[in-house]
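Heads up: the structure comes next, in structure tokens.
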Amino acid sequence: MPTKDNKEKRLTRQDIFKAWFRWQWFIESCPSWERLQASGFLYSISDALDKLYSDISEKASAFMRHLVFYNSQGNWGSIIGGIVLAMEEERANGAELSDEAINGLKTGLMGPLAGIGDTIDWGTLVPLAVSIGLPFAMNGNSLGSIIPFLLISCTMLGESYFLFFRGYQYGQQSIASLLESGSINKLIYAAGIVGMSVLGALTGSYVNLSTQITIPIAGGQALSLQTDVLDNILKGILPLGLVLFCWQMMLRKKKITTIMLYLLIIGIIGGSLYIF
């Protein structure tokens with residue numbers, strides 16, 4: 001373990017900002033099956049490690065320490081980067097923090113934080129932002145693409161920045177107290193409800209599927225399959241069925257191109273029935 005120098009080594013706010021900036025742009029830039037995000041993690045804090053460790057052997061040990069397997073959600077996982085910076089700073093000043101302690105914290109937190117981030121960001125924020133922009137896009141307004149981009153980008157940048165600095169500020173105790181309090185579980189539960197509500201609203205509003213098939217009946221009249229049968233069973237049953245079909249295909253690990261081919265075939269068959 002390194003010994004404490006006469007002069008205490010401390011990171012400045014600029015050092016932490018630089019580490020966060022690199023984290024934001026490079027944490028998922030160079031993944032591999034062996035290490036996944038480890039190289040991006042190391043690059044984000046490499047300058048801070050250079051400042052904290054002057055001895056070449058200690059610096060090499062720190063670099064190797066952060067090349068072990070790591071994989072988490074980029075935005076919410078940024079709190080791990082901040083915590084690790086705080087731990088490395090304490091270690092450089094003589095604290096008894098082993099390689100196993102630092103990597104154990106990374107390994108223990110990366111899974112739970114990935115689940116939190118995916119639920120809140122991709123399961124709630126993205127569908128909500130897209131639903132706001134869809135009405136503009138359907139009317140040919142370019143705001144339909146600009147609004148979701150700005151909402152998603154600004155929110156995720158804010159999350160990452162706040163969590164990275166908060167992780168450094170409070171160290172390893174910050175995330176432990178957050179998880180132990182149970183507040184994060186309530187947040188995930190609420191985010192899941194909002195996300196499912198948004199997806200349901202998107203399905204009902206923007207997935208359009210109907211049939212023009214009519215069934216001849218006595219007296220020369222015709223029964224509309226859509227209005228007289230399906231709509232009386234459940235309004236929007238065909239769009240719902242289409243969404244559930246796509247969902248089942250995704251659960252079966254079908255490729256997006258395969259699902260699109262299925263939809264094309266369904267459309268061709270449905271159009272043929274209407275023509276003939």
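The values are calculated or read from the model by the stated rules, or taken from the named source; none is laboratory data. Bear in mind the structure is a predicted one, so any value in this text is a computation, not a measurement. Reconstructed Cβ throughout: ideal geometry from the backbone, glycine too, with neighbour counts over all protein chains shown. For accessibility, only protein heavy atoms count, side chains too; no ligands or nucleic acids. Shrake-Rupley method; radii C 1.70, N 1.55, O 1.52, S 1.80 Å.
If you check Ile146 against the conditions, is it open to solvent by 40 Å² or more (accessible area, probe 1.4 Å) and modelled with pLDDT of 90 or more? Answer is yes for this residue.
The set of residues from the range 38-71 being touching a strand residue (DSSP E or B) at 6+ places or on another chain (Cβ under 9 Å) and touching a residue at least 40 places away in the same chain (Cβ under 8 Å) comprises Phe41, Tyr70, Asn71. Within this structure, Glu88 passes the test of being crowded, with 16+ Cβ neighbours inside 10 Å, more than 21 Å from the chain's Cα centre (by Cα) and touching a residue at least 40 places away in the same chain (Cβ under 8 Å). All of Ala129, Ala92, Ala86, Ala60 fail the test of being under 20 Å from Ala19 (Cα atoms), aliphatic (A, V, I, L, M) and in contact with a Pro (Cβ under 8 Å, 6 or more places away or on another chain), apart from Ala92. For the range 176-276, the helices (runs of 4 or more DSSP H) that sit wholly inside it and include 1 or more residues that are at pLDDT 75 or above and more than 28 Å from Gly133 (Cα to Cα) are 256-275.
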